[in-house]
Amino acid sequence: MTNVEETVSSPFDFAGGEVLLVDKPLEWTSFDVVGKLRNSMKPQKIKVGHAGTLDPLATGLLIICTGKFTKRIDSFQTEDKEYTGIITLGATTPSYDLETEVNHTFDYTHITEADVYEAALQFLGELEQYPPVHSAIKIKGERVYEKARRGEEVELKARRITINSFDIEKVEMPNVYFRISCSKGTYIRSIAHDFGKALGIGAHLSQLRRTKSGNFHVDDAWNLQDLIEKIKLHKTTIQQQQTNN
């Protein structure tokens, strides 16, 4: 495991390598965050990448690597993740979340809290999971969500994932508040969709936040705008030092 204090350093050395923890804002893509940070580092041409995509409608921990530390991205991606969020019962969407409109509704009034807790137990351990067709997986070089948006048939293979824990934190029908710890490659949207199936009704993911990835926690993450301001201040300081020398 990587020690957070050793990896998140200051002052910045973007070329030598930095790991920047960012609390991704709602409706931003992971690529948006990378692009914004890369632009803030100009005129230096710095290699920047992220260790694990978050959907635009998700918030929370995004690990950004710069310079030589981009070589660490693959190892960071293999770490287990933790998420909190809300599964809304009684309705499905094609994307399994709120990116698309509700396409089917179901009566959920007969579902009890006991039913919800019991259903969660079915998801513990190793599972075969089908990713959503509205996902960034590539088939023949094209993102499958692009095919889905055109109404094309998409066939995705099941993936082996592991759910370490699935805690129901609160039930306020039709909303189920949860916390999940899982292996890399787990689609929480698919968990929400399958959770509805397990209850015999529909469900979709209505809120998602990544709270942990390996030893990194969102509580240690930067607000994106604050980080950009810190980078600007860092550049100004470096320029002043160069002028004085």
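For this structure, a couple of remarks:
- Checklist (1) more than 30 Å from I168 (Cβ to Cβ); (2) modelled with pLDDT of 95 or more; (3) surrounded by 14 or more Cβ atoms within 10 Å (Cβ to Cβ) applied to V22, failing item: (1)
- For F106, the criteria (1) farther than 24 Å from S213 by Cα; (2) crowded, with 22+ Cβ neighbours inside 10 Å hold in every case but one, which is (2).
- Residues located in region 110-124, provided they are in contact (Cβ under 8 Å) with a residue 24 or more places away in the chain, open to solvent by 90 Å² or more (accessible area, probe 1.4 Å) and part of a loop (DSSP other than H, G, I, E, B): Q122
- For region 128-176, the tally of residues that are open to solvent by less than 60 Å² (accessible area, probe 1.4 Å), of a type outside the set (S, T, N, Q) and modelled with pLDDT of 95 or more stands at 7.
- Scanning region 46-82 for residues that are open to solvent by less than 20 Å² (accessible area, probe 1.4 Å) and part of a strand (DSSP E or B) gives V48, G49, A58, G60, L61, L62, I63, I64, C65, T66, K81.
- Some residue of region 191-207 being within 21 Å of A158 (Cβ to Cβ), in the same structural domain as I86 (by the TED database) and of a type in the set (D, E, K, R): yes
- Inter-residue pairs, beta-carbon under 6 Å, first of a type in the set (F, W, Y) and in region 218-245, second at pLDDT 95 or above and outside any helix (DSSP H, G or I), 6+ apart: W222/V22
- Some residue of region 86-94 being modelled with pLDDT of 95 or more, closer than 18 Å to P132 by Cα, in a strand (DSSP E or B) and of a type in the set (S, T, Y): yes
- Counted residues, region 31-45 - those being touching a residue at least 60 places away in the same chain (Cβ under 8 Å) and in a helix (DSSP H, G or I): 4
The values are calculated or read from the model by the stated rules, or taken from the named source; none is laboratory data. The shown structure was predicted, so the numbers you read here are calculated from the model rather than taken from an experiment. Reconstructed Cβ throughout: ideal geometry from the backbone, glycine too, with neighbour counts over all protein chains shown. The protein model used for the area step is the full one, side chains on, heavy atoms only, and it has no ligands, DNA or RNA in it. Shrake-Rupley method; radii C 1.70, N 1.55, O 1.52, S 1.80 Å.
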